[in-house]
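Worksheet for the structure shown next.
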Amino acid sequence: LDPVWATPDVPGLSAAREALVASLPVPPASEHGFTPHVTLAYLPKGEPTPAPIPRTAVTFEAVEVWAAGERYAYPLQGR
């Protein structure tokens, strides 16, 4: 399957990621860098990619991390 993803424009995202990583019970993979994105779908290989979507405001209430079969939920809080 091929992922379809969007990149966010979020001030402070890198700092938020660093705080989240510091609180994880397992270290993140280190073989690649951090590329902020939202996975929208997985398409069968060879299927055409959908047309780009317009800039859209979204709100996320939590971040979930799955590692070694365990789920870790981190509620997001406003300022």
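The values are calculated or read from the model by the stated rules, or taken from the named source; none is laboratory data. What you see is a predicted model, and the numbers here were worked out from it, not measured in a lab. Side chains are part of the model used for accessible areas, which takes the heavy atoms of the whole protein and leaves out ligands, DNA and RNA. Shrake-Rupley method; radii C 1.70, N 1.55, O 1.52, S 1.80 Å.
As an equivalent ellipsoid, the chain spans semi-axes of 25, 18, 12 angstrom, where each value is the square root of five times an eigenvalue of the C-alpha gyration tensor, largest first. Working from Cα positions, state the angle (0 to 90°, nearest 10) between the long axis of helix 13-23 and the longest principal axis of the chain. The answer is roughly 50 degrees.
Computed with a 1.4 Å probe over protein heavy atoms only, the accessible surface of the range 2-79 comes to 87 Å² per residue.
Annotation: extensible slack from V38 through L20 equals 4.8 nm (criterion: 0.36 nm per residue apart, minus Cα-Cα distance).
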